[in-house]
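Engineer: Handing you this structure, nothing more for now.
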Amino acid sequence: MAEADAAAKDLGLSRSGLIAEALREYLRCRRQNLLAEQLNQAYAIADAPGDRQLVRKLRTKMLTSDRW
């Protein structure tokens, strides 16, 4: 808890604010990992050229910059 309090202070957040921010980041990463897994499955079964084009288009949507 002391480390969490120190990190929160460094970031100008309360402890609960730090925890909320960490949870938001975890959930964002989780969504991105689930999307990556779905894309990997789609690539594995995508046979038609149109399927591959759609998968590539969706893949670009998961590329985001981190706020950290």
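Values quoted throughout were computed directly from the atomic coordinates according to the rules given, and no laboratory measurement underlies them. Bear in mind the structure is a predicted one, so any value in this text is a computation, not a measurement. For neighbour counting, all protein chains shown are included, and Cβ atoms are generated from backbone atoms with ideal geometry for every residue, glycine included.
Engineer: Taking the dipole about the Cα centre of region 2-61, with the C-beta of Lys and Arg at +1 and of Asp and Glu at -1, give me whichever of 38, 20, 55 is farthest to the positive side.
Structural biologist: Of the options given, the answer is 55.
Engineer: Can you give the convex hull volume per residue for the Cα atoms of region 2-61, as a whole number of Å³? Spell out each step's value before the answer.
Structural biologist: On the way: hull volume 4.7 nm³, N = 60.
Convex hull of Cα atoms, per residue: 78 Å³.
Engineer: Turning to a different aspect of this structure: For each of 27, 54, 18, count neighbouring Cβ atoms within 10 Å of the residue's Cβ, then give the residues from fewest to most. Let's see the in-between values first.
Structural biologist: Numbers: 27 10, 54 13, 18 18.
With the sparsest Cβ surroundings first, the list reads 27, 54, 18.
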